[in-house]
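Accompanying notes for the structure given below.
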Amino acid sequence: MVDPLTISGVELKCARILLGWNVELVARYAGVGAAAVYAAEHDLAVAEQRRRAIVRALESGGIEFIPHGLRKRPSAGAAVSEELAIA
């Protein structure tokens with residue numbers, strides 16, 4: 001498990017795009033404003049509780065944050081997961 005506070009803005013944005021979600025949808029699922037999602041994706045100051053909520057929302061959509069990257073858990077019946085390493 002990766003600490004949500006160490007997940008970069010690039011990883012958050014990649015996770016959102018991998019899910020096919022827009023900023024407003026992440027914000028709705030996380031219970032935060034779209035400005036908080038935008039700020040988190042750009043490594044700007046975001047309250048810890050909001051950042052954790054954003055990560056939880058992305059995880060609930062099927063994202064798994066791993067050291068140095070993320071992957072989308074396979075859906076039911078899928079054989080493989082998609083993985084993205086962030087350098």
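The values are calculated or read from the model by the stated rules, or taken from the named source; none is laboratory data. What you see is a predicted model; the values in this text were computed from it and never measured. Cβ coordinates were reconstructed from backbone atoms using ideal geometry, including for glycine residues, and neighbour counts include every protein chain displayed.
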Worksheet item: If the Cβ limit is 6 Å and pairs must be 6+ apart or interchain, which residue in the stretch 48-75 that is without any contact (Cβ under 8 Å) to a residue 24 or more places away in the chain pairs with which residue that is in a helix (DSSP H, G or I) and buried (at least 16 other Cβ atoms within 10 Å of the Cβ)?
Response: Arg50/Ala36; Ala53/Ala30
Fill in: Residues located in the stretch 1-25, provided they are more than 14 Å from Ala36 (Cβ to Cβ) and touching a Lys or Arg at 6+ places or on another chain (Cβ under 6 Å)
Leu18
Practice prompt. Determine, yes or no, whether Val37 is aliphatic (A, V, I, L, M), touching a residue at least 12 places away in the same chain (Cβ under 8 Å) and assigned to a loop (DSSP other than H, G, I, E, B).
Written response: no
Practice prompt. Kindly check whether there is at least one residue in the stretch 1-24 that is surrounded by 15 or more Cβ atoms within 10 Å (Cβ to Cβ) and free of Cβ contacts under 8 Å to residues at least 12 places away in the same chain.
Written response: no
Worksheet item: Of all residues in the stretch 49-63, which are under 8 Å from the mean Cα position of the chain (by Cα) and either closer than 12 Å to Leu5 by Cβ or not aliphatic (A, V, I, L, M) (or both)?
Response: Ile54, Val55, Arg56, Glu59
Item to complete: Mind listing just one residue for me: the one in the stretch 20-73 that is at positive phi and small (Gly, Ala, Ser) and, of those, modelled with the highest pLDDT?
Response: Gly31
